[in-house]
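Working notes, structure below.
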Amino acid sequence: ADVAARTAMVVDEHGALEGPLLPILHGIQEEFGYVPVEALPVIADKLNLSRAEVHGVATFYHDYRKHPAGRHVLKLCQAEACQSMGSDQVAAMVKSALGVGFHETAADGSVTLEPVYCLGLCACAPAAMLDGAVIGRIDADVVDEIVAGVRS
Ligand code: FES
């Protein structure tokens, strides 16, 4: 089905919920892997919201991607415990090694980099999640391994 039809389906599944916009955006991202811009007017029409409102919410929450993700998704924890253990330096190393910033996907489609706010791994800070698997105590060597992994 096309984006409009699949979006309409996701909206209908959530239509009965109170304040359904966030769960719908979540459902859209599950369906497509991101929130296609063509989905927004469909959601707006179905929920009787303005397109600007839907667009505003979709862009306010960085969890919703505007583009398909890369083959790998790397999330670097930027919350307090990880900050105090050097997550800024980790992020700087990763960004320069991969040539991407947060909320960006490498030009070759290999990896999407995203910040995350606490993975529950504070005891092993700084922490990250690569394709759903958590990684703790990230130092320069671990960064090298991660970078090699997403490039292979
Ligand atoms: Fe990074 Fe909790 S603050 S895992």
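The values are calculated or read from the model by the stated rules, or taken from the named source; none is laboratory data. This is a predicted model, so every value here is computed, not measured. Cβ coordinates were reconstructed from backbone atoms using ideal geometry, including for glycine residues, and neighbour counts include every protein chain displayed. Each accessible area value is taken on the protein alone, full model and side chains, heavy atoms only, with ligands, DNA and RNA left out. Shrake-Rupley method; radii C 1.70, N 1.55, O 1.52, S 1.80 Å.
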The lone exception for Cys82 - which of (1) in a helix (DSSP H, G or I); (2) open to solvent by 20 Å² or more (accessible area, probe 1.4 Å); (3) of a type outside the set (A, V, I, L, M); (4) over 19 Å from Gly149 (Cβ atoms) it fails: (2)
Anything in the stretch 49-68 that is modelled with pLDDT under 90 and either assigned to a loop (DSSP other than H, G, I, E, B) or over 12 Å from Leu22 (Cα atoms) (or both)? List them, or say none. Tyr61, His62, Asp63, Tyr64, Arg65, Lys66, His67, Pro68
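Yes/no per residue for (1) without any contact (Cβ under 8 Å) to a residue 60 or more places away in the chain; (2) buried (at least 18 other Cβ atoms within 10 Å of the Cβ); (3) closer than 27 Å to Arg151 by Cβ:
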position: Gly19; (1), (2), (3): yes, no, no
position: Pro23; (1), (2), (3): yes, no, no
position: Tyr61; (1), (2), (3): yes, no, no
position: Lys75; (1), (2), (3): yes, yes, yes
position: Gly86; (1), (2), (3): yes, no, yes
Quick check: anything in the stretch 84-91 within 30 Å of Leu25 (Cα to Cα) and more than 16 Å from the ligand (Cβ to nearest atom)? no
In the stretch 92-110, what count of residues is obtained for those that are open to solvent by 60 Å² or more (accessible area, probe 1.4 Å), in contact with a strand residue (DSSP E or B) (Cβ under 8 Å, 6 or more places away or on another chain) and in a loop (DSSP other than H, G, I, E, B)? 1
Flag if Arg65 is surrounded by 14 or more Cβ atoms within 10 Å (Cβ to Cβ), in contact with a Phe, Trp or Tyr (Cβ under 7 Å, 6 or more places away or on another chain) and among the charged types (D, E, K, R): yes
Within the stretch 111-131, restricting to residues that are assigned to a loop (DSSP other than H, G, I, E, B) and open to solvent by 60 Å² or more (accessible area, probe 1.4 Å), the one that is farthest from the ligand (Cβ to nearest atom) is Asp131
Out of all the residues in the stretch 79-99, is one or more hydroxyl-bearing (Ser, Thr, Tyr) and over 23 Å from Ala140 (Cα atoms)? no
Does at least one position in the stretch 27-48 carry a residue that is farther than 30 Å from Ser152 by Cβ, exposed (fewer than 14 other Cβ atoms within 10 Å of the Cβ) and among the basic types (Lys, Arg)? no
